[in-house]
Amino acid sequence: GQQVMQIPQYQHVQEGEDFTTYCNSSTTLSNIQWYKQRPGGHPVFLIQLVKSGEVKKQKRLTFQFGEAKKNSSLHITATQTTDVGTYFCAGAPGNTPLVFGKGTRLSVIA
Amino acid sequence: DAGVTQSPTHLIKTRGQHVTLRCSPISGHKSVSWYQQVLGQGPQFIFQYYEKEERGRGNFPDRFSARQFPNYSSELNVNALLLGDSALYLCASSLVEGQFYGYTFGSGTRLTVV
């Protein structure tokens with residue numbers, strides 16, 4: 001079945017450093033979505049990318065969707081302690097239920 | 001507007017027992033999806049319902065079943081509980097079936113099987 005892989009599994013950064021997580025799918029995706037889950041919380045929708053090569057920004061967060069629509073990345077500039085949590089990418093081929101990656105857990109050291 | 005409501009928030013059950021988890025989607029949302037999240041892992045898809053019909057089923061045993069009611073709320077049932085069923089069960093609400101609009105998750109039901 002379809003698989004969505006994320007790297008790294010964990011990332012520890014000093015506050016103010018940048019952070020990037022990468023997502024790769026075994027199949028071409030119709031769209032890619034990103035979610036953030038705070039410790040003890042539930043996933044919260046961040047953004048959806050649909051077009052090949054699409055780049056979207058939300059303040060310090062930059063999201064990219066690969067040209068082949070099989071990979072994506074999330075980059076956070078100048079991390080803050082409020083960025084702590086696990087970031088999940090999720091996608092599926094066609095209009096089918098989302099498949100989530102295992103996530104990247106971000107720790108920010110003040 | 002109320003968000004996605006799940007009940008109960010926490011539950012402790014014994015192996016072999018049965019459990020029913022409930023979810024009320026956002027008003028106007030017709031699709032409900034159920035996910036299982038084991039500690040340290042990403043959510044795993046269990047079921048998706050749209051307009052009271054099952055639209056997708058993940059790789060879970062027949063002990064897992066679900067249904068959607070006319071008011072679009074949903075129940076997830078798990079029979080003959082195993083220790084490995086201990087997890088956070090998440091309900092996701094979306095406007096339509098599939099995943100083109102992003103999911104809104106409830107706070108989840110944390111199930112512990114002892």
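The values are calculated or read from the model by the stated rules, or taken from the named source; none is laboratory data. Everything numeric in this text was worked out from a predicted model, so none of it was measured. When we count neighbours, we look across all protein chains shown, and the Cβ atoms used for this are built from the backbone with ideal geometry, even at glycine.
Quick notes on this one:
- Looking across the stretch B:89-114 at every residue that is modelled with pLDDT of 95 or more and surrounded by fewer than 19 Cβ atoms within 10 Å (Cβ to Cβ), the one that is farthest from B:R63 (Cα to Cα) is identified as B:S107.
- Comparison of A:L106, A:L46 shows that the only residue that is touching a Lys or Arg at 6+ places or on another chain (Cβ under 6 Å), part of a strand (DSSP E or B) and either facing another protein chain (nearest Cβ under 8 Å) or modelled with pLDDT of 95 or more (or both) is A:L46.
- Taking the numbered list (1) among the small types (G, A, S); (2) in contact with a Lys or Arg (Cβ under 6 Å, 6 or more places away or on another chain); (3) farther than 22 Å from A:K36 by Cβ; (4) surrounded by 19 or more Cβ atoms within 10 Å (Cβ to Cβ) in turn, B:S74 passes all entries but (2).
- Of the residues making up the stretch A:14-27, those that are surrounded by fewer than 16 Cβ atoms within 10 Å (Cβ to Cβ) and modelled with pLDDT of 95 or more number 6.
- Some residue of the stretch B:62-74 being of a type in the set (A, V, I, L, M, F, W, C) and in contact (Cβ under 8 Å) with a residue 60 or more places away in the chain: no
- Subset of the stretch B:62-114 (residues that are polar (S, T, N, Q) and outside any loop (DSSP other than H, G, I, E, B)): B:S65, B:Q68, B:S74, B:N77, B:S93, B:S94, B:T104, B:T109, B:T112
- Among the numbered conditions (1) within 13 Å of chain B (Cβ to nearest Cβ); (2) over 11 Å from the mean Cα position of the chain (by Cα); (3) among the charged types (D, E, K, R), the only one that A:K69 does not meet is (1).
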